[in-house]
Every structure is written in C-alpha cells, then in structure tokens.
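Step one of this worksheet: look at the structure below.
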Protein chains: 2
Amino acid sequence: MGVKPRATGAVRPGGRTARTRAAVLAATQEELEAAGYAGLTLEKVTERSGVHLATPYRRWRTVEGLVVDLLTEMGRNEIPIPDTGSLKDDLGALALEIAALYRQPRARALVEGVVTAALRSPEASTAWAAVIAERNRLASRIVDRAVERGELPPGTDGAAVSGAVGAPIYYRLLVARGPEDDEVAERAAAAAYAAALSGVFTPADPPGPP
Amino acid sequence: MGVKPRATGAVRPGGRTARTRAAVLAATQEELEAAGYAGLTLEKVTERSGVHLATPYRRWRTVEGLVVDLLTEMGRNEIPIPDTGSLKDDLGALALEIAALYRQPRARALVEGVVTAALRSPEASTAWAAVIAERNRLASRIVDRAVERGELPPGTDGAAVSGAVGAPIYYRLLVARGPEDDEVAERAAAAAYAAALSGVFTPADPPGPP
C-alpha cells in the first residue's frame, strides 16, 4: 500500500480544500504541542482551526486519522534525501536529519502521538506503516546510487538499509527513551554502512543480469 | 537507575506478598490479552485476581505501574543470555529469542501496552527505560566474553551492541508494524555483528591497560 496525496488536494493544490487541510493540520500540531496526544480531540482541533465544524469529522473521522495525515505531510516535507556522492556520507547525513527532526519537541510529540494511535487503531497502524514504508522507499535511492557507483553489490535491499539507519533512532525515542543526540545517529549510520558493505542486506542469491 | 526487585518480594519470596503479586500480575496479563491496554483498569485486575480491593491501589497506584512491573518480571524470566562460544552465534540466538518472544500475542500486547504507558506517563517511561537498560546490561555479557576470547577489541560497548540487536526488532514491532519473522532477527544480529567487528561500538580512544 502506497501513500497517495488526497485527490482533492492534488487536483486543487491552492484551493479552498487545500487551505482547509493546512489549517486543520496546523491546528492539530498546535494541540499536540499544547496537550499531547492524550488531550487531542476533533472538537479542539476544529475550534482552533476555525473551519466549519463538520469538516474534520467528515474528512478525517478520528483523531488517529488526523495525526496520520499530519505525519504523512511532515514525512514528505521534512526529511530530504542526501546525495553527497558517497554512501557513507549519505547514510550519515540521513541519520543526522532524522535525529535532528526528533530533537524538535513538536516532532517528538507528534511521533509519540502517532505511535500511540497506531497501537490503538488498526487503521492508524496501517497508515503509519505506509508512511514509514514510503520514507524507506524514498531513501532507498541512496542505496541505488551506491550500487550504480559500485559501492554495493546489485540486489542490495535499499529500503532495508534505510530502515537499519532509522531503527536505532526510533529505539532511542520509543524504547530506551533517551535524547536523540548525534552520537546515536552517527552510530546508526556507521552500523548500517558496515552491515551493508558486509552483505547483510544483499540476498545470498541476487538477481542476475537479464 | 537499576531495576531492583521489590523489597517485600525479595525478603519473603514464597510468602503472601509474593503470591499476591503473582496473582495480580497474572490477572494484568490476562486483562491485556482480553481487552488490550485501552481496556485495562485497576478495578478489572483486582476483580480477576481475587486479591483485597485496596492492594493494587496501594502497591502499584496506576495501570502504568502494573504494566511496568509485569514487563520487568517478563524481561527477567523470558530472555536467557546465550553462551555458545561464538559472538556471531550468541547475537543470532539473542535476536531469535527476542523475536520469538514478541511473536507471542500476549508478549506483543504487553509491550504495546508498556510503550503506550511510557508515552503517556513520565513514571512509566523511566521504569520502561530502566527495564531496557537492565536487559542490555545483562546481554552485554555476550560482548564481554567475545572481548575475552579476542573476537572484539577491549572497550567495545556491550550494552550498545545489545541495543543494536534489539533495535530492528522493536522497529518492526512499533514502527514498520510487521510480523516478527526470523529474517528480521537474523538481519538484526548479522548487522550488529558486522558493525561491532568494524569498530562502530568501540570508542576511538579506548581505555588502555592500567
């Protein structure tokens, strides 16, 4: 399952629908910062955004739906894919970007809200998994370029390498519950790099040339 | 901060206090399996366990406290530390054990409950982080033995290696939201092994001999 932009927003990117969505997502983010996920309600978001009362109920239906849409938007905008010409440097830059994102209290509150939603609602879980799969798909471009340069063998699983960069950063956030310092990110990138070079993400029987 | 057994249970391991704790923790686990974290209340746990009504309120105070105590108990009992004589095999066995644990629906429901509690309550967050730190401290014995055998350089951070084994498994559970298959575990172990061998978890300026 891919993450598709909502049809209405895609058709009329500067129109009223897009403005409404932006207002509601901004209000959701502010409410999350103010009261956390536990305090988030569609009523409060509607009030803060100033949109028509029925809109968030019709469009997002639940708090989980709102949070996932907000995360999709942030994921699309806030993590650029590095292209330094070197796999090691690309993975390092990617890890530092993810850690820097989650050092921001608003991003941390948001991802905590999204994970809470995902653990409570199958719909939110599916959407959150799709957001992450899409991020890893985008970041796999780093690995594709490394394969083209001959740094990694063909068939290396780019999304798995990207996931390996992210995993220790999410582990720190959700499991070890510590700060997202640069050391975590640098170790995550260095470990993923060493593992990729040693063939951990390359199938034993890679696809041959056609 | 370490995880200490509760004084009463430690002093009288077979006594009434220990039996009460076991009954309450078993009831907590059953309630989690039946209704998930969202449905967990001290009232329901008390009723199911058959203990005196005041006991859970006095001893655990909150649902978060109960869940964290249960997880501490499971962490202590359910993940043995492998000792195969080889770092690669030890890390592989450790990863397979963690993945096998979280393939059990009751353990998965439990850890989802614990993470939800940790994201909502600073007290639960501190306790959960301590449980994880203690697990990584125990598992760091694997790395200590590898250093003694000359497989890894002195100064390798054993808790960090253990965390690197666990991170992709928790990432699958909480972020990518997929099944805990053995492939995830085997890749996690192989990646941590490759990273440890390449010096990722060894400080650039390791402690010298005295």
Practice item. Rounded to the nearest 10 degrees, what's the angle between the helix A:105-120 long axis and the longest principal axis of chain A, both from Cα atoms, 0 to 90? Key: 90
Practice item. Note the distances from B:Arg48 to each other copy's matching label point, with points 7 Å along the Cα-to-beta-carbon direction, in nm, sorted shortest first. Key: 3.5
Check your understanding: So if R0 is 25 Å, what FRET efficiency would B:Asp181 and A:Glu148 give, r being the distance between their Cβ atoms, rounded to the nearest 0.05?
Key -> 0.25
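For the protein assembly as shown, what does the alpha-carbon gyration tensor say about shape, rounded, prolate or oblate, given a ≥ b ≥ c as the root eigenvalues, a/c under 1.5 as rounded, and a/b over b/c as prolate?
Oblate is the answer for the protein assembly as shown, as a/c is 1.5 or above yet b/c matches or exceeds a/b.
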Check your understanding: How far is B:Ala23 from itself in the other copies, in nm, if each label sits 7 Å out from Cα along the Cα-Cβ line, shortest first?
Key -> 5.8
Review point. Considering only the label points, 7 Å along Cα→Cβ from Cα, what distances in nm to one decimal separate A:Arg103 from the same position in each other copy, shortest first?
Key: 4.0
Point to revise | Scaled radius of gyration (Cα, divided by 2.2 N^0.38 Å) that chain B gives | key: 1.12
**Study point:** Degrees, to the nearest 10: A:158-174 long Cα axis against longest axis of chain A
**Key:** 60
Point to revise | Amide N of the range A:31-58 lying under 14 Å from the label point, which is placed 7 angstrom from the Cα of A:Ala23 along Cα→Cβ | key: A:45-57
Study note, to complete from the structure: Per the rule of 0.36 nm per residue minus the C-alpha distance, extending A:Arg16 to A:Ile81 adds in nm 20.3 nm
**Study point:** Calculated [θ] (222 nm, deg cm²/dmol) that DSSP helices of n ≥ 4 give over chain B, each run adding -39,500 (n - 2.57)
**Key:** -22500 deg cm²/dmol
Review point. Quick one: Karplus J couplings for the range A:88-94, per residue in order, coefficients 6.51, -1.76, 1.60, θ = phi - 60°, nearest Hz, x for Gly and Pro?
Key: 4, 6, 4, 5, x, 5, 4
Check your understanding: In nm, to one decimal, how far is the A:Ala129 label point from the B:Ser198 one, both placed 7 Å along Cα→Cβ?
Key -> 3.0
Exercise for review: Just the number, please: carbon plus sulfur as a percent of the accessible area of the protein assembly as shown, 1.4 Å probe, no ligands or DNA/RNA counted.
Suggested key: 55
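The values are calculated or read from the model by the stated rules, or taken from the named source; none is laboratory data. Not measured: the values here are computed from a predicted model. We place every Cβ from the backbone using ideal geometry, glycine too, and count neighbours over all the protein chains shown. For accessibility, only protein heavy atoms count, side chains too; no ligands or nucleic acids. Shrake-Rupley method; radii C 1.70, N 1.55, O 1.52, S 1.80 Å.
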